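The values are calculated or read from the model by the stated rules, or taken from the named source; none is laboratory data. Just so you know, these numbers come straight off a predicted model, no measurement behind them. No Cβ is skipped: glycine too gets one built from the backbone with ideal geometry, and neighbour counts run over all protein chains shown. Surface accessibility is based on the protein's heavy atoms, side chains included, excluding ligands, DNA and RNA. Shrake-Rupley method; radii C 1.70, N 1.55, O 1.52, S 1.80 Å.
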Amino acid sequence: MSRPCLAFSFSLVLLLAGAWLAPAQDTSDAEAARPDVKLAIGGTLQPRVSHGRLDLANPGTDRERTGFGIRRARLRASATLAGRAGASFQLGAAGASVMLLDAKLFFDVTDALRVRAGRFTVAQPRAFQPTSHTEIDLGARAAIARRWGNSTLGNSGRDFGVGAVYETDRLTGRVALHNGNGSWDRALGNVRPDVVGDPTGGGDTRGGAASAYGAWRPAALPGLEVGGYAGYNAARNAATVAPEALRPGGGRFDSTARSYASYAGHLYWGAWPGSQPVRLKADLIGTRYETRSASAGEISQHALGASLLGAVGLFDRSAELLARIERYDAAIGRDGNATDYLSAGASLSLSALRGRPYERQRLSVGYATRLDDNRRPHLVVLQAQIVF
């Protein structure tokens with residue numbers, strides 16, 4: 001492991017040890033201030049133990065695996081100048097290396113309106129990155145959201161661009177103009193050529209992306225949130241290549257990557273874990289890809305996913321029981337492309353027992369399965385979470 005990775009890991013261990021031993025606070029950031037600069041640092045660690053099983057069609061070929069791991073290790077930092085302009089970063093551990101997830105400049109036009117530029121989470125379905133990793137209901141985000149991300153942006157919902165966020169107690173709005181491919185590769189997402197070399201970066205990619213998201217939380221119905229998303233991406237990145245099973249006659253595309261338009265809607269009654277005694281969440285996510293020619297004909301694809309989650313609070317909302325059912329159809333109108341997902345579990349917040357935010361110190365256990373083909377995968381996960 002490189003010296004920077006060792007230093008990052010050692011620092012993270014010290015910070016997490018202090019966060020676990022100290023009483024949970026109302027803020028997760030350690031702050032230091034100068035007259036004109038405000039610095040903040042925070043992070044998340046999610047260690048887990050899991051057991052997975054795959055029931056294969058042939059007797060005696062089933063596979064199982066049990067072991068310990070780390071789902072996420074994050075470190076966040078921001079600096080604000082004169083209360084308005086600033087920069088923020090988020091690092092994440094990826095194996096034995098450290099990856100820069102977010103890097104952006106921001107300017108607060110008003111207390112509610114912020115503009116930003118760099119690499120950040122663009123507008124997208126509520127069930128994907130707008131649901132923070134610290135506030136995921138079960139062990140993972142909804143399967144339909146993850147499948148949407150894997151076949152659209154393909155990079156955890158982050159991209160290079162400019163955007164604006166409007167946030168009040170009742171309204172949330174996000175818009176962005178972005179590249180449509182968030183890869184750090186300079187030939188793909190990170191556009192930074194020079195006239196000393198080739199100002200096009202060696203490619204011919206003029207397609208871009210635009211996305212918008214909005215949510216409303218009416219004062220007359222506390223806990224209710226209704227919203228939607230719409231976006232168009234003409235970048236034709238690698239994540240949009242059609243699955244082999246959808247290609248007519250197994251034919252190869254003349255041009256494999258596709259542009260797409262996507263949309264989503266959600267209706268939540270209790271968006272955050274521990275927020276109310278009973279919570280219900282419904283999501284719908286769709287993607288319509290452009291029709292492309294193949295050697296054996298044309299291919300069109302319209303993917304659609306739906307998810308429904310229910311949760312019941314226990315111990316004065318310091319714990320929850322949850323269940324979720326989902327269906328994702330990779331190609332509406334074609335047989336054999338729909339998959340059902342089932343998951344259930346419980347969580348206990350050690351910080352909420354002391355009257356602090358639910359997500360700060362949390363334990364969760366969950367079971368998930370997928371119903372498709374002749375296989376039946378099973379996954380059981382016990383996960384701890386510290387947010388500091």
Qualifying positions in segment 296-314 - in contact with a strand residue (DSSP E or B) (Cβ under 8 Å, 6 or more places away or on another chain) and free of Cβ contacts under 8 Å to residues at least 60 places away in the same chain: Glu298, Ile299, Ser300, Gln301, His302, Leu304, Leu308, Gly310, Val312, Gly313, Leu314
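Consider Leu177 carefully, then state whether it is out of contact with any Lys or Arg (no Cβ under 9 Å at 6 or more places or on another chain), at pLDDT 80 or above, open to solvent by 40 Å² or more (accessible area, probe 1.4 Å) and not in a strand (DSSP E or B).
Working: out of contact with any Lys or Arg (no Cβ under 9 Å at 6 or more places or on another chain): yes; at pLDDT 80 or above: yes; open to solvent by 40 Å² or more (accessible area, probe 1.4 Å): yes; not in a strand (DSSP E or B): no.
Against the criterion (out of contact with any Lys or Arg (no Cβ under 9 Å at 6 or more places or on another chain), at pLDDT 80 or above, open to solvent by 40 Å² or more (accessible area, probe 1.4 Å) and not in a strand (DSSP E or B)), Leu177 does not qualify.
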Which numbered condition trips up Ala145, out of (1) under 26 Å from Val226 (Cα atoms); (2) part of a loop (DSSP other than H, G, I, E, B); (3) out of contact with any His (no Cβ under 9 Å at 6 or more places or on another chain); (4) open to solvent by less than 40 Å² (accessible area, probe 1.4 Å)? (2)
Might you let me know whether segment 59-67 holds any residue that is part of a strand (DSSP E or B), within 25 Å of Trp184 (Cα to Cα) and out of contact with any Pro (no Cβ under 7 Å at 6 or more places or on another chain)? no
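Among Ala346, Ala384, Ala331, Ala311, which is in contact with a Pro (Cβ under 9 Å, 6 or more places away or on another chain), closer than 20 Å to Ala271 by Cβ and either aliphatic (A, V, I, L, M) or assigned to a loop (DSSP other than H, G, I, E, B) (or both)? Before the answer, list the steps.
Values: Ala346 fails: in contact with a Pro (Cβ under 9 Å, 6 or more places away or on another chain); Ala384 fails: closer than 20 Å to Ala271 by Cβ; Ala331 fails: closer than 20 Å to Ala271 by Cβ.
Ala311 is the lone residue from the list that is in contact with a Pro (Cβ under 9 Å, 6 or more places away or on another chain), closer than 20 Å to Ala271 by Cβ and either aliphatic (A, V, I, L, M) or assigned to a loop (DSSP other than H, G, I, E, B) (or both).
Evaluate the following for Tyr268: is it open to solvent by less than 40 Å² (accessible area, probe 1.4 Å) and either farther than 18 Å from Thr131 by Cα or modelled with pLDDT under 90 (or both)? Walk me through how you get there before you give the answer.
Numbers: open to solvent by less than 40 Å² (accessible area, probe 1.4 Å): yes; either farther than 18 Å from Thr131 by Cα or modelled with pLDDT under 90 (or both): no.
No.
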When residues of segment 329-356 are filtered for being crowded, with 21+ Cβ neighbours inside 10 Å, farther than 28 Å from Ala242 by Cβ and not hydroxyl-bearing (Ser, Thr, Tyr), how many remain? 2
Matching residues in segment 287-320 - criterion: being at pLDDT below 95, among the hydrophobic types (A, V, I, L, M, F, W, C) and surrounded by 18 or more Cβ atoms within 10 Å (Cβ to Cβ): Ala294, Ile299
Ala32 passes all but one of the listed conditions (1) in a strand (DSSP E or B); (2) of a type in the set (Gly, Ala, Ser); (3) at pLDDT below 95; (4) surrounded by 15 or more Cβ atoms within 10 Å (Cβ to Cβ); the exception is number (4)
